[in-house]
Amino acid sequence: MSGGFGEELEMFRDTVRKFLEKELGGRGGKFKDKADLKAYWKAAGDLGLVGASIPPEYGGSGLSRLAIVLIGEELGRIPAGAVAGANLTSDMATSVLLDAGTEAQKREWFPKIMAGEVIQALALTEPGAGSDAGAIKTSAVRDGDDYVINGHKIFISNGTIADLIYVIAKVEGAGERTKSMTAFIVKGDAPGLTRHKHQTLGYQGGDTGELFFDNVRVPASDLVGEEGKAFSLFDTSITLDRFHIASRSWYASQTAFQMTLEHARNRKMFNQRLIDLQNTQFVLAKIETDLAVGRAFIDRLLLKYLNGTFEPADGAMLKIWLPEMEGRVMDACVQLWGGYGWMEDQP
């Protein structure tokens, strides 16, 4: 493997990196309004950064789904990524259509996704159903040629700006808990759908929304896959989600370490450099060790993913360890930056 992901994806990385530095870094990770955000997604679509895993027969590049993990790394690499929220990694929702979409659904939505004209969201989590996905209460009742959806979703990335929402609801008679969970396409302007944006402690440039469904009518043709099959359908999305979060945490930590190392070499105190103090050296050595262990862990599991032996527990360990490592690294770096680390205008 060249560069960890293979030659083709590393070429993709170069395009992603230049785009994010110019388009996201120039905005500081924030968007003035929805028009500004739409222009950003359109620019990403023009470069082939959205829907990169869509097969050539639909006009796509047919890249590995690990392209999302690579985008996550590059979002972590730049300071603007700490503001931007899910951003382009929400494109992992494309896996839903790739795995279970009908030919008609693919022909309708893939061109719009690749063009950056459509922002996607995956609506599963509810106020009483987070980790316990089987506890969702949102329902979908068949009524002639339609399904009628009622319920409440929360903590949804791109929840208030998405044009295409994959909603998970329980269909009556399909079984209990996970065996009744079914996926539907709901358009962002569907009658009966109202949305509210949450103000979060982090990712100030992102969008985390709360969705309310009041007799939202969806044509039966917008069912994705079969009734009662949604739980297994999202295994792929969950795996990619855990991978990109872990990789984003690693690269954000790596960038913070590099910035802090340079700061420690230049900061003068007590007639010496900050880096000449033994405590500073201990702290930096511990960070570098964390980075080495984290990278080795990610790379080992990337190989397992590629050879088909990756397991759900692997993804859970990734999502536990790497973000916790990022917390340790960021705290240590802020301490070494002193007062400067507390200022919003500092990276």
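The values are calculated or read from the model by the stated rules, or taken from the named source; none is laboratory data. A quick note: this is a predicted structure, and the numbers were derived from the prediction, not measured. Cβ coordinates were reconstructed from backbone atoms using ideal geometry, including for glycine residues, and neighbour counts include every protein chain displayed. Just the protein is used for accessible areas: all its heavy atoms, side chains included, with ligands, DNA and RNA removed. Shrake-Rupley method; radii C 1.70, N 1.55, O 1.52, S 1.80 Å.
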Counting only residues 5 or more places away or on other chains, whose amide H sits under 5 Å from the amide H of Gly206 once H atoms are built in the peptide plane? Gly85
Taking the Cβ of Lys42 as the centre, find all other residues whose Cβ is under 13 Å away and add up their charges (Lys, Arg: +1; Asp, Glu: -1). -2
Explain nothing, just compute: Karplus ³J(HN,Hα) = 6.51 cos²θ - 1.76 cosθ + 1.60, θ = phi - 60°, for every residue of segment 124-132 in order, whole Hz, x for Gly and Pro. 10, 5, 10, x, x, 8, x, 4, 8
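Apply 1/(1 + (r/R0)^6) to the Cβ-Cβ distance of Glu172 and Thr200, taking R0 = 30 Å, and write down the FRET efficiency to the nearest 0.05.
On the way: r = 34 Å, r/R0 = 1.15.
In this case the efficiency is close to 0.30.
Any of Lys38/Lys153; Lys42/Lys112; Lys32/Lys153; Lys22/Lys197; Lys34/Lys197; Lys106/Lys137 with alpha carbons more than 18 Å apart? Name them for me. Working shown, then result.
Details: Lys38/Lys153 24 Å; Lys42/Lys112 10 Å; Lys32/Lys153 26 Å; Lys22/Lys197 27 Å; Lys34/Lys197 13 Å; Lys106/Lys137 28 Å.
Over 18 Å apart, Cα to Cα: Lys38/Lys153; Lys32/Lys153; Lys22/Lys197; Lys106/Lys137.
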quick shape note, segment 218-313: Cα extents on principal axes in Å, largest first -> 73, 32, 16
A chain fully extended from Ser131 to Glu311 at 0.36 nm per residue, minus the present Cα-Cα distance, gains in nm 63.1 nm
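Against the empirical 2.2 N^0.38 Å scaling, what ratio does the C-alpha Rg of the chain come to?
Working: Rg = 21.5 Å, N = 347, 2.2 N^0.38 = 20.3 Å.
In units of the globular-protein estimate, the chain measures up at 1.06.
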Under a point spin-label approximation (7 Å from Cα along Cα-to-Cβ), what is the Thr289-Lys32 distance to one decimal in nm? 5.0 nm
Got a number for the accessible area of His244? Probe 1.4 Å, square angstrom, nearest 10. 10 Å²
Along each of the three principal axes of the Cα atoms of segment 28-88, give the extent in whole Å, ordering the values from largest to smallest. 36, 25, 14
Using the basic label-point model (7 angstrom from Cα toward the beta carbon), what is the Gln281 to Ala220 distance in nanometres? 7.4 nm
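Report the percentage of all Cα-Cα pairs in segment 59-156 whose separation exceeds 21 Å, rounded to a whole percent. Don't skip to the end; give the middle numbers.
On the way: 2441 of 4753 pairs.
Beyond 21 Å sits 51 percent of the P(r) for segment 59-156.
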By accessible area (1.4 Å), largest first, Leu201, Leu124, Leu88 order as Leu201, Leu124, Leu88
Determine the per residue accessible area of the chain with all protein chains present and a 1.4 angstrom probe, expressed in square angstrom. 47 Å²
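Please give the length that would be gained between Leu303 and Asp14 if that part of the chain were fully extended, namely 0.36 nm times their separation in residues minus their C-alpha to C-alpha distance (nm, one decimal). Mind dumping the intermediate values first?
Values: separation 289, 0.36 × 289 = 104.04 nm, distance 2.15 nm.
Length gained between Leu303 and Asp14: 101.9 nm.
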Euclidean distance between Cα centres, segment 268-347 to segment 111-137, Å: 30 Å
First measure r as the distance between the Cβ atoms of Gln346 and Lys179, then evaluate 1/(1 + (r/R0)^6) with R0 = 41 Å and state the FRET efficiency to the nearest 0.05. 0.20
Send over the Kirkwood Rh of segment 1-103, from the inverse of the averaged 1/r over different Cα pairs, rounded to one decimal Å. 14.2 Å
Where in segment 1-74 are there trypsin sites (Lys or Arg not before Pro) that are in a DSSP coil and have at most 15 other Cβ atoms within 10 angstrom of their Cβ? Lys30, Lys32
If you roll a 1.4 angstrom probe over the protein chains with everything in place, what fraction of the accessible area of the chain belongs to carbon and sulfur, to the nearest %? 53 percent
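Which whole-number percentage describes the relative contact order of the chain, with Cα contacts under 8 Å and a sequence gap of 6 or more?
On the way: 603 pairs, mean separation 56.5, N = 347.
RCO, the chain: 16 percent.
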Any chance you could look up the accessible area of Ile245 with a 1.4 Å probe, heavy atoms only, rounded to 10 Å²? 50 Å²
Calculate the translational D of segment 202-245 in whole µm² s⁻¹ from Stokes-Einstein, where the hydrodynamic radius comes from the Kirkwood formula applied to all Cα pairs, the temperature is 37 °C and the viscosity 0.692 mPa s. 237 µm²/s
Calculate I(q)/I(0) for segment 130-225 by the Debye formula, one identical point scatterer on each C-alpha and no solvent, and give its log10 at q = 0.10, 0.12, 0.20 Å⁻¹ to two decimals. -0.26, -0.38, -0.97
